[in-house]
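Read through the structure below, which is laid out as C-alpha cells, and then see the notes.
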C-alpha cells in the first residue's frame with residue numbers, strides 16, 4: 001500500500017507474554033495546499049487522493065463549486081526531500097480564469113490537524129452565506145427506510161481496506177437513496193476523508209450531491225456537517241454522537257442528521273421527515 005501504511009517496531013504484551021514484532025501503522029504526513037501559488041493551509045493526512053482532498057477543502061471553504069472553476073492541481077516540483085526527490089506533500093490548486101481568488105492573509109491561513117480540522121473558524125452564519133446550493137432531496141422526495149440506514153455502517157466498514165491492516169483510519173462513504181455505495185475514502189483525519197469524497201465529486205462534475213447520504217465512521221462534528229451542507233448533501237449519518245453545533249446547523253439548513261447509527265438503533269437529531277418511521 002506504499003505510503004498509506006508504514007512499519008514500526010512494537011513491544012507486544014499479551015497475557016504476560018512479551019515479544020517484539022513489526023506493526024503496520026497508518027501513515028500521517030503534512031499536506032500543504034497552495035492556491036494559485038500562495039500557501040493557504042496545511043493538513044495532516046494519509047497520503048493518497050491528495051488532489052481530491054485539496055479540491056474538497058476548497059469546496060468547504062466556498063472557493064470552488066463547479067468542475068469548470070478548477071483549472072488544474074499539481075504537485076509542486078520545488079517541494080523536495082533532502083535527497084532531491086519530490087515529497088508529494090505540497091499541492092498547488094489553480095483556479096480557472098475569472099474565478100474569484102479569496103484574500104489570503106496571515107489571518108486566513110489555516111492549520112488543520114487530524115483531530116480538529118478548521119478549528120474555531122466556521123460559524124452558522126458563515127456556512128449559511130457561503131453555501132452554493134440549498135440542501136435538497138433531488139428530483140424526488142427522499143424517504144429512507146430504517147432498515148436501509150441500519151445497513152450502512154456495515155457496508156462502510158466492509159469497504160475500509162486500510163483499516164483492516166492498521167485499525168487507525170476514519171472513513172466516509174457516499175450512498176445513493178437505495179443504499180448503493182457510490183464512493184468511499186479513508187484518512188487519518190475524519191474531515192480529510194469527507195474532503196476527499198467531495199473533491200472527487202467536484203472534479204467529476206457531480207456537485208451538488210442532492211439526494212445522497214453521507215456516512216462517517218466517527219462522530220458528527222460541526223465541521224463535517226458544514227462540509228455536507230457545502231456539498232449539498234441532505235443526509236449525514238454517523239456511528240457516534242453529533243455535537244450541539246452540528247445539530248443546530250442541520251436544523252437551520254434542513255439537513256437530516258443521524259447519530260449513534262449502530263445495529264438496529266439510531267438517534268435522529270434533525271430532518272426526521274426523510275426517515276420513513
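Pairs are defined by a Cβ separation below 8 Å, a sequence spacing of at least 6 or placement on different chains, a first member in region 14-42 that is at positive phi, and a second member that is surrounded by 18 or more Cβ atoms within 10 Å (Cβ to Cβ) and in a strand (DSSP E or B); the pairs so defined are 36/92; 36/93; 36/95; 37/92. Within region 246-267, the residues that satisfy the criterion of being more than 16 Å from residue 210 (Cα to Cα), free of Cβ contacts under 8 Å to residues at least 60 places away in the same chain and within 21 Å of the chain's Cα centre (by Cα) are 246, 247, 251, 259, 260. Which pairs have Cβ atoms under 7 Å, sit 6 or more apart or on different chains, and link a residue in region 128-152 that is on the phi > 0 side of the Ramachandran plot to one that is assigned to a loop (DSSP other than H, G, I, E, B) and surrounded by 15 or more Cβ atoms within 10 Å (Cβ to Cβ)? Filtered contacts from region 128-152: 138/210; 138/211. Can you say whether residue 250 is in contact with a strand residue (DSSP E or B) (Cβ under 8 Å, 6 or more places away or on another chain), modelled with pLDDT of 95 or more, over 21 Å from residue 55 (Cα atoms) and in a helix (DSSP H, G or I), as far as the supplied structure shows? So residue 250 fits the description; yes.
Among the residues of region 90-138, just one is touching a strand residue (DSSP E or B) at 6+ places or on another chain (Cβ under 6 Å), at pLDDT 90 or above and either assigned to a loop (DSSP other than H, G, I, E, B) or not assigned by TED's automatic domain parsing to the domain that holds residue 72 (or both), namely 96.
Criterion first (on the phi < 0 side of the Ramachandran plot and crowded, with 24+ Cβ neighbours inside 10 Å) does residue 245 satisfy it? Working first, answer last.
Numbers: on the phi < 0 side of the Ramachandran plot: yes; crowded, with 24+ Cβ neighbours inside 10 Å: no.
Answer is no for this residue.
Screening region 155-245 for helices (runs of 4 or more DSSP H) wholly inside it with 1 or more residues that are touching a residue at least 24 places away in the same chain (Cβ under 8 Å) and closer than 24 Å to residue 127 by Cα returns the ranges 190-203, 222-230.
Being surrounded by fewer than 20 Cβ atoms within 10 Å (Cβ to Cβ) and either in contact with a strand residue (DSSP E or B) (Cβ under 9 Å, 6 or more places away or on another chain) or within 19 Å of residue 147 (Cβ to Cβ) (or both) narrows it down to one of 212, 192, 267, so name that one. Give the steps one after another, and end with the answer.
On the way: 212 fails: surrounded by fewer than 20 Cβ atoms within 10 Å (Cβ to Cβ); 192 fails: surrounded by fewer than 20 Cβ atoms within 10 Å (Cβ to Cβ).
When all the criteria are applied, what remains is 267.
The values are calculated or read from the model by the stated rules, or taken from the named source; none is laboratory data. Because the structure is predicted, anything quoted here is derived from the model rather than measured. Cβ coordinates were reconstructed from backbone atoms using ideal geometry, including for glycine residues, and neighbour counts include every protein chain displayed.
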